[in-house]
Amino acid sequence: MYLHATDRVVPSSQTNAVQGTIYWDAPKSIWMFIMIAGGIAAITLAPSWSGFAVFLGTTAVTICAGHSVGMHRLLIHRSFQTPKWLEYTLVWLGTLVGMAGPFGMIRAHDMRDWHQRQTICPPHPSHGAGFWRDAWWQMHCRFDLDHPPQFEVEPEIASDRVYQWIERHWMAQQLFVAIPFFLIGGMEFVLWGVCLRVAVSLIGHWMVGHFGHKQGHQGWTVEGLPVQGFNLVGLGLVTFGENWHSNHHAFPHSARLGIEKGQMDPGYWFIKCLAAVGLARKILGPADLPEREGLKRLERCEVVRPKRQKLVDEPNAIRSAPERTFVK
């Protein structure tokens, strides 16, 4: 069953989508620094073609089958169905990307989506800050609202013991690949296949989100919303289809992200391969559910260039502070 972000985010009369604080998230930040350090060590201290091959192979599998297909299109959007054992496998592969466990990924995605549908969206969930500040905020901090909405994950996921276990130990899931890599290729394979892979995946995920909300090709807009999505042309193979963000904003239920001619979408190709062998069904396309309210097709697909954005241009905008940032 397809679920929209608004199905899981339940605001109350006290909920304020703007007023909150950006905190340094120590576990998240330290995790990121460790992966970056290990990735730098892989390149500088243990350069090898075999390590590079391990990096490419594991990155492709975890991002395409795991993050794009398992976490995003299946677990979060329910845009297709698979047998439960395969769903667990794909979501587990998504956890290996190193961002969060299944519940954490659902919450991060749906809260950002909910923020972007409000009248005013703060700079953190809108990627409204500059390049370096947004990088720090997204990969090392968290945005906590003073009066947040209630977040409710559907019972069949929230009560699932497999997902509960993965969520509790999501960082430790890397051991299931790190140990075999160490036994096969020593520390070299661990640095390439775990540390560098996670570092590049997290940085790449942030960059797609950053630029996918700022500039690029637009086939659709959603009128009345403060944040729009943009397609990052030419990155379909590298991002496995996650670059078609204007399309995704227009049709969030669709398992196919590259919906126009020439838009390569390896994630969708993988889903179609699963369907061909009977492992995927009820695959939703753009026309399979009613259109979003305010959706407008651009007669002439436009390429939008970035504009320098001020952080303080509204009474309720975020203001920077050395250690934390407040919204008042």
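Observations on the structure shown:
- Rough spin-label spacing in nm, given labels placed 7 Å along Cα→Cβ, for LEU56 and GLU156: 4.0
- Using a Gaussian network model of the chain in which every pair of alpha carbons under 10 angstrom is joined by a spring, one finds that among CYS195, CYS121, CYS273 the greatest mean-square fluctuation is at CYS273.
- Here the relative contact order of segment 38-159, from alpha carbon pairs under 8 Å that lie six or more residues apart, stands at 18 percent.
- About its Cα centre, the dipole of the chain is roughly 420 debye, where the only charges are +1 on Lys and Arg Cβ and -1 on Asp and Glu Cβ.
- Kirkwood Rh (inverse of mean 1/r, distinct Cα pairs), the chain, angstrom: 20.6
- When each full DSSP H helix of the chain is screened for a Cα extent of at least 18 Å along its own axis and an average Kyte-Doolittle hydropathy of at least 1.0, the helices passing are 26-45.
- Estimated from helical segments only, the mean residue ellipticity of the chain at 222 nm is -12500 deg cm²/dmol, where each DSSP H run of four or more residues counts as -39500 (n - 2.57).
- Pairs of Cα atoms nearer than 8 Å and 6+ residues apart set the relative contact order; for segment 145-249 it is 15 percent.
- Extension gain from GLN215 to LEU183, taking 0.36 nm per residue of separation minus the Cα-Cα distance: 7.1 nm
- Extended-chain gain in nm, criterion 0.36 nm per residue less alpha-carbon gap, LEU298 and GLU223: 25.9 nm
- Too-long pairs where the Cα-Cα distance tops 30 Å, listed order kept, from LYS261/LYS282; LYS28/LYS214; LYS272/LYS296; LYS84/LYS261; LYS84/LYS296; LYS261/LYS296: LYS84/LYS261; LYS84/LYS296
- Simple rule: put +1 on each Lys or Arg Cβ and -1 on each Asp or Glu Cβ in the chain, find the dipole, and look at LEU237, PHE103, GLY70; the Cα lying farthest toward the positive end is LEU237.
- Based on Cα atoms of segment 15-87, Rg over Rh with Rh as the Kirkwood radius reads 1.14.
- Once you reduce segment 107-126 and segment 179-205 to the center of their Cα atoms, the two points are 32 Å from each other.
- When you restrict to C-alpha pairs under 8 Å that are six or more residues apart and normalise by the size of segment 202-300, the relative contact order lands at 28 percent.
- Å² per residue, accessible surface of the chain at 1.4 Å: 49
- When the Cα positions of ILE179, GLY204, PRO125 are compared along the charge dipole of the chain, GLY204 comes out farthest toward the positive end, with charges on each C-beta of Lys, Arg, Asp and Glu.
- Working from the Cα coordinates of segment 225-298, the gyration tensor eigenvalues give, after taking √(5λ), semi-axes of 22, 16, 8 Å in decreasing order.
- Measuring nothing but protein heavy atoms, the accessible surface of segment 159-299 at 1.4 Å probe radius is 64 percent carbon and sulfur.
- Averaging Cα coordinates gives a centre for segment 229-266 and one for segment 25-97; these two points are 20 Å apart.
- In segment 1-72, the portion of solvent-accessible area held by carbon and sulfur atoms comes to 74 percent [1.4 Å probe, whole percent, DNA, RNA and ligands not counted].
- In plain terms, the C-alpha convex hull of segment 181-275 casts an average shadow of 7.9 nm² when viewed from every direction.
- In range of the label at ARG133: residues from segment 22-49 whose backbone nitrogen is under 19 Å from the point 7 Å along Cα→Cβ: 22-25
- To the nearest 10, the accessible area of TYR88 is 60 Å² with a 1.4 Å probe.
The values are calculated or read from the model by the stated rules, or taken from the named source; none is laboratory data. Keep in mind it's a predicted model, so treat the numbers as computed, not measured. Cβ atoms come from the backbone with ideal geometry, glycine included; neighbour counts cover every protein chain shown. Protein only, heavy atoms only, side chains kept; ligands, DNA and RNA dropped before computing areas. Shrake-Rupley method; radii C 1.70, N 1.55, O 1.52, S 1.80 Å.
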